[in-house]
1. Over the range B:48-112, what relative contact order in percent results from Cα pairs under 8 Å that are six or more residues apart?
2. Using Cα positions and a limit of under 16 Å, work out the lysines in reach of A:LYS53, with same-chain residues fewer than 8 apart set aside.
3. Please give the average number of partner chain Cβ atoms lying within 10 Å of the Cβ of each residue in B:38-50, rounded to a whole number.
4. Below 22 Å, Cα to Cα, which lysines can B:LYS71 reach? Residues fewer than 8 away in the same chain don't count.
5. Determine the principal axes of the Cα atoms in chain B, then give the extent along each, sorted from largest to smallest and rounded to whole angstroms.
6. Quick check of the Kirkwood formula: for the protein assembly as shown, what is the inverse mean of 1/r over all pairs of different Cα atoms, in Å?
7. Please build a GNM for chain A, connecting alpha carbons under 10 Å apart, and tell me which residue among A:TYR47, A:TYR99, A:TYR89 fluctuates the most.
8. With Cβ to Cβ distances under 13 Å as the rule, what net charge do the other residues near B:PRO112 carry (K, R +1; D, E -1)?
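Read-outs: derived from the displayed coordinates by stated rules, not from any lab. Bear in mind the structure is a predicted one, so any value in this text is a computation, not a measurement. All Cβ positions, glycine included, derive from the backbone under ideal geometry; neighbour counts span all protein chains shown.
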Amino acid sequence: DVKVTQSSRYLVKRTGEKVFLECVQDMDHENMFWYRQDPGLGLRLIYFSYDVKMKEKGDIPEGYSVSREKKERFSLILESASTNQTSMYLCAVKGPNIYEQYFGPGTRLTVT
Amino acid sequence: GENVEQHPSTLSVQEGDSAVIKCTYSDSASNYFPWYKQELGKRPQLIIDIRSNVGEKKDQRIAVTLNKTAKHFSLHITETQPEDSAVYFCAASSDGNNRLAFGKGNQVVVIP
């Protein structure tokens, strides 16, 4: 199985702070994804990357940016955190099966 | 882009009964349909998937059926057990970069 880890399980930040969420995979997989999960809204794609230094916007990229400097690491950046970015953030990696995605444990971010 | 809808949003079943969750999709080019299970406090995990060249797939107590003409697919859980209680997400993909469009999720509650 693909192992996906995220830097924090819980994070509390203040409005206006710059926030970094990190995702690391233990295999040599190209495609990585960032989702946010909110009750009643399911999993919504923020950004994804299919190679180092490559990124594409998902369905809700506003207020976020990403960085992929190394193949194993994909970072989600909130340039200026706002209260409406309080959410569960899930990283995923496409595994060896052509479409299957493996999820990290998630980071619950609270912006106060 | 692809739009995936799930119904019902919450489903309660008696232990031992069957549960059926239905999803519809909008993009006729979609060719891969996975189902993910998310237990409380845990990450989503793939439980079964189906490709568009197959009408039905079964794995022990779970099965997925696909109707390409009607653009819907369903998850069937037979002989439900308390450990089947979870949120179930359907998804669809037609994307070369393996993007998945997720539904909003169904909360399944198995009553002992």
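1. 23 percent
2. Cα-Cα hits under 16 Å: A:LYS70, A:LYS71.
3. The mean count of partner-chain Cβ atoms within 10 Å per residue comes to 3.
4. B:LYS22, B:LYS37, B:LYS57, B:LYS58, B:LYS104
5. Reported extents, whole Å, longest axis first: 42, 28, 21.
6. Every distinct Cα pair counted, the radius reaches 18.0 Å.
7. A:TYR99
8. So the surrounding residues net to -4.
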